[in-house]
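Only one structure is covered here, and it is reproduced in the block below.
The values are calculated or read from the model by the stated rules, or taken from the named source; none is laboratory data. Quick caveat, the model's predicted, so the values are computed rather than measured. Heads up, the Cβs are rebuilt from the backbone with ideal geometry, glycines too, and the neighbour counts pull from every protein chain shown. The area values use the complete protein model at the heavy-atom level, side chains included, leaving out ligands, DNA and RNA. Shrake-Rupley method; radii C 1.70, N 1.55, O 1.52, S 1.80 Å.
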Amino acid sequence: MDGGLIVYLHGFCSSPAAWKSQLLAKEMARRGMAAQFVCPQLSPVPDEAVSSVSRLIEQADGPVTLIGSSLGGHYANHLAEKYGLQAVLINPATVDRLDLTQFVGDHANFHSGERFTFTEAHALQLRAQVARPTPAHYWLLVETGDEVLDYRQAVDFYAGCRQTVLPGGDHGFTQFPRFIPQIIEFAGL
């Protein structure tokens, strides 16, 4: 992992098979940097997800840049503040502004079909992870057509951070492919 590492954090009910993660992994491999990209399968238990990524960060040989999509954006924010890292947040969940009770219940992973239950205790874990962002560490990427999360909450929460707000799109961030070179550059790779 010489020269830095990009750690991609997927969203709620998602996995390393998510299209953004796959596209970024392919581009990193094309550039001969496959070993500098990792997208771990995150536990549906928030504290476990953060612990596993913390271990990755602590074991990295060089600087780490976090890329977080949706709930992965929340985790990226928390970990960027804990470790003083840079992060790219893509249509991130701004947990302090969400009604987390709407997520309590049974869910299935979009890719594996694995079932899990999101509990009130998990919601409390997410709330406890909320950290105010250090503006110089972040690049916020949002599309106004996000049908899952209100992009304005992220724009407000990350006020003062570098922001790219694009019209239209959806929660998956349709314009991601055109930002891949800039994301790799942001990571200093």
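Put Phe12, Phe179 in order of accessible area, highest first, and with a 1.4 Å probe you get Phe12, Phe179.
Placing unit charges on each Cβ (+1 for Lys and Arg, -1 for Asp and Glu) gives segment 58-189 a dipole about its Cα centre, and among Phe103, Ala159, Asn91 the Cα reaching farthest toward its positive end belongs to Ala159. Using C-alpha pairs below 8 Å separated by at least 6 residues, the relative contact order for the chain is 22 percent. For segment 1-91, the square roots a ≥ b ≥ c of the C-alpha gyration tensor eigenvalues yield an a/c of 1.5 or more together with a/b not exceeding b/c, which makes the shape oblate. Qualifying GluC sites (Glu not before Pro) in segment 79-132, where qualification requires a DSSP coil assignment and no more than 13 other C-beta atoms within 10 Å, comprise Glu114.
Here the average projected area of the convex hull drawn through the C-alpha atoms of the chain stands at 9.5 nm². Accessible surface calculations at 1.4 Å, restricted to protein heavy atoms, place segment 54-183 at 46 Å² per residue. What separates the Cα centres of segment 101-179 and segment 11-36 is a distance of 18 Å. Taking the 1.4 Å solvent-accessible surface of segment 38-189 as the whole, the part contributed by carbon and sulfur is 51%.
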